[in-house]
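As structure tokens, the structure follows; a few thoughts come after it.
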Amino acid sequence: MNYTGSLTEYENMKLGLSRIRNFLKAVGNPQNRLRYIHIAGTNGKGSTAHYLANILIENGYKTALYTSPHLIDIAERIKINGKDIKNKIFDSLFKKYLALAKKYKLSFFEYITAIALIYFAEQKVEIAVLETGLGGRFDATNIIENPLICIITSISLDHKDILGKTIKKIAFEKAGIIKKGTKTIVSNLSQDALSQIYKKTKPYIFSKNFKASDCLRTVKFQKFNYQAPDGSFIKNIKLRMLGSHQIQNACLAICASYLLKEKGFIINGGKVKKALLNTNIAARFDTRILKIKNKTIEFIIDGAHNEEAVEAFVKQWKERGCNSKNALFIFAMMKDKDYKKCISLLAPIMSSVVLPKLKSKRACSAQVLKKELVKFLPPSHIFTAPSVKAALKNIDKADIAAAVGSFYLAGEVYNLLKEFKCNTI
């Protein structure tokens, strides 16, 4: 089924909450029957949302999770207790309210958000973890009132044409999710970003009010101790998710779960540790072993799609010792991203690169990316491919390979992995 139809995700989007507010009012305001944790940020909000949802599930709460974008199936965006909404149910809800969505001129994202809220209310979840799609103040998820806790994971320059061209302006938009009296948790933000947060609330700040210490990283996991705002510790927390940024994301989730105790939630430290250990999210430095043409290749899939995310990817790449290997990259980005800056960050770790044509209309053309890449790599090391499938056939030429630059690229890669002999490292 073509879900988008006459609805578009961001193109020609008009800021404001009046459309989704009027739509939800027409269906009985289901969003008002739920309790929420609301998460905004440039990067890290998806990982933080998954960590937190898993903590709540492990502690026995019927927990909803709403994230975006999806990688393969749109049902990935809407989960209860870790399970995607059934396609049959999603199709039914989509068809049922589509005429009304068109009447109120909802964008695609607004409509999917509304469907999620309707579904969560129907299923009587005990708490819903909502990730914003874009910004915060006018994001469709901000239709909710009085969230239990707000989290802002990071703030950097992204979606500048919509959110603003400075950190202060972007922070102002993301701080728009903060409601009066709502406890707010933030990552280690810049002073420009914090200045906007402080206008709304006094937040709990990572590395100031709560911390990670004694961090240990290996190829397969990382371990740390968590210190809570009251000075208490949870020791020997293990993550399968790699990278120092994931430790920060996990700490944001832990802090939120413990603040929920003040709202009457029962949170057990041992169950928190178990939930975090078992959290593993696709396209976050996801390392696979592929067998292609009788050759074994280490293949890393990462959805890093802006400067901050690419910096984190490069840092993790170097920490893993990948930098000394003959590395082939499959690379693609959306045309509304700062691809020039991202290429400058990635080029030093690239030996060669393949630029596939993506299915998304938002994708930057291979020719445009190649024009930028030739500033850093010899033309003979830059290839184009008519599809992601064709690009994957080239990775046997390297010692290690990576697909990076877009969640859309990651999604197409995952859809094709079943055609290869593949194991998780």
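The values are calculated or read from the model by the stated rules, or taken from the named source; none is laboratory data. These figures come from a predicted structure and were not determined experimentally. A quick note on method: Cβ atoms are made from the backbone with ideal geometry, for glycine too, and the neighbour counts reach across all protein chains shown.
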Does the range 338-353 include one or more residues that are in contact with a helix residue (DSSP H, G or I) (Cβ under 7 Å, 6 or more places away or on another chain) and assigned to a strand (DSSP E or B)? yes
Take the residues of the range 33-80 that are assigned to a helix (DSSP H, G or I) and of a type in the set (Asp, Glu): which is nearest to Ala282 (Cα to Cα)? Glu76
Where the second residue is polar (S, T, N, Q) and the first is not assigned by TED's automatic domain parsing to the domain that holds Leu148 and lies in the range 178-189, which pairs have Cβ atoms under 6 Å and are six or more apart or on separate chains? none
So which residues in the range 89-109 are of a type in the set (A, V, I, L, M, F, W, C), surrounded by fewer than 19 Cβ atoms within 10 Å (Cβ to Cβ) and outside any helix (DSSP H, G or I), if there are any at all? none
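Of all residues in the range 271-285, count the ones that are in contact (Cβ under 8 Å) with a residue 60 or more places away in the chain and either touching a strand residue (DSSP E or B) at 6+ places or on another chain (Cβ under 8 Å) or hydroxyl-bearing (Ser, Thr, Tyr) (or both).
6
Does Asp399 satisfy the criteria of being within 24 Å of the chain's Cα centre (by Cα) and in contact (Cβ under 8 Å) with a residue 40 or more places away in the chain?
No, not satisfied.
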May I ask you to verify whether Arg19 is modelled with pLDDT of 95 or more, under 20 Å from Lys79 (Cα atoms) and either surrounded by fewer than 24 Cβ atoms within 10 Å (Cβ to Cβ) or polar (S, T, N, Q) (or both)? no
What is the number of the single condition among (1) crowded, with 21+ Cβ neighbours inside 10 Å; (2) modelled with pLDDT under 95 that Leu157 does not meet? (1)
If the Cβ limit is 6 Å and pairs must be 6+ apart or interchain, which residue in the range 77-90 that is free of Cβ contacts under 8 Å to residues at least 24 places away in the same chain pairs with which residue that is surrounded by fewer than 19 Cβ atoms within 10 Å (Cβ to Cβ)? Asp84/Ala75; Asp84/Glu76; Asn87/Ala75
Just to verify a result, which residue in the range 307-335, among those that are charged (D, E, K, R) and touching an Asp or Glu at 6+ places or on another chain (Cβ under 7 Å), is modelled with the highest pLDDT? Glu307
Name the residue that is surrounded by the fewest Cβ atoms within 10 Å (Cβ to Cβ), counting only residues in the range 374-395 that are of a type in the set (A, V, I, L, M) and under 21 Å from Phe407 (Cβ atoms). Ala390
